[in-house]
Amino acid sequence: MSVSAQTGPSTRAGAGTGTARTATTGQRGGYAKGRATQQEIIRAAILVFADVGFHGASLRDIAARVGISHPGLLHHFPNKAALLEAVLEYRDAVDEQSFQEDMERGSEYFEALLNLVERNRLRRPLVELFAGLSTEATSPDHPAHEYFRRRYARVLGEQSELLRERAARGGLAPGVDPDQAARTVVALMDGLQIQWLFSLERPGAERVDMAADLRGYLNLILR
């Protein structure tokens, strides 16, 4: 039926539908705007937490960087701990997405890990955030203490299992203990991030190459 042939009732129904669609569109627009604001807050928080740590960070300062009021920020994140949780979830999501994309393209686990380390050269704020918070969070009363405790347990468990599987296939160098190697890989990655951050003050050729140094160790233990 053409639009010009519609009767009165059909027109009224159409008007009602149009109103509903406008309301739905408005709700979606509001939701999208809210999500965009949350992302801005998270990005600002990454810079502030990386710069002054969790305890030194001020929600008012973060709100000012985004261009919203302090109550406006609290509408999205009721306290600093909630914002920290969102920041850590964002960091994990960024890493997980790129890592999984590498795996789906056929990269082996440790090659995907090297790619992730290489990409971190372009994500200095996230590297600074992780380096600073992981040190702060060794205190049991830190809001991120349990996050980092669980993260290290998970990562070490995954890598130990993968290395044990490689050892069973003859894929580890003689004398390499899978659990010890897993701890060394994680410690090397974290330590290299700190050395890389300090090396950024030096000329490009003198800066720490995190991926190259990690690859050097992996070449020693993997077969």
*Name, by its number, the condition in (1) within 27 Å of residue 85 (Cβ to Cβ); (2) open to solvent by 30 Å² or more (accessible area, probe 1.4 Å); (3) of a type in the set (Val, Ile, Thr) that does not hold for residue 155.*
(2)
_Search result, residues across segment 188-223 that are among the aliphatic types (A, V, I, L, M), open to solvent by 60 Å² or more (accessible area, probe 1.4 Å) and within 22 Å of the chain's Cα centre (by Cα)_ = 194
*Tell me which residues, restricted to segment 158-183, are surrounded by fewer than 15 Cβ atoms within 10 Å (Cβ to Cβ) and hydrophobic (A, V, I, L, M, F, W, C).*
168, 173
*Residues of segment 85-108 satisfying the condition of being open to solvent by 30 Å² or more (accessible area, probe 1.4 Å) and of a type in the set (Gly, Ala, Ser)*: 93, 106, 107
*List every residue pair whose Cβ atoms lie under 7 Å apart, where the two residues are 6 or more positions apart in sequence or sit on different chains, the first residue falls within segment 166-185 and is in contact (Cβ under 8 Å) with a residue 40 or more places away in the chain, and the second residue, located anywhere, is open to solvent by 50 Å² or more (accessible area, probe 1.4 Å) and basic (Lys, Arg).*
170/223; 171/223; 172/223; 173/223
*Output for segment 69-84, where each listed residue is surrounded by fewer than 18 Cβ atoms within 10 Å (Cβ to Cβ) and either in a loop (DSSP other than H, G, I, E, B) or of a type in the set (A, V, I, L, M) (or both)*: 69, 74, 78, 79, 81, 82
*Report, ordered by the first and then the second residue, all pairs with beta carbons closer than 7 Å, sequence separation of six or more or different chains, a first member in segment 204-223 that is in contact (Cβ under 8 Å) with a residue 60 or more places away in the chain, and a second member that is not in a helix (DSSP H, G or I).*
222/171; 222/172
*Identity of the residue in segment 34-68, under 26 Å from residue 135 (Cα atoms) and charged (D, E, K, R), that ends up least open to solvent (accessible area, probe 1.4 Å)*: 61
*Quick one: how many residues across segment 93-121 are touching a residue at least 12 places away in the same chain (Cβ under 8 Å) and under 12 Å from the mean Cα position of the chain (by Cα)?*
6
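The values are calculated or read from the model by the stated rules, or taken from the named source; none is laboratory data. Keep in mind that this is a model prediction, so the values were computed, not measured. Note that we place each Cβ from the backbone using ideal geometry, even for glycine, and neighbour counts take in every protein chain shown. Calculation scope for accessible area: heavy atoms of the full protein, side chains included, ligands and nucleic acids excluded. Shrake-Rupley method; radii C 1.70, N 1.55, O 1.52, S 1.80 Å.
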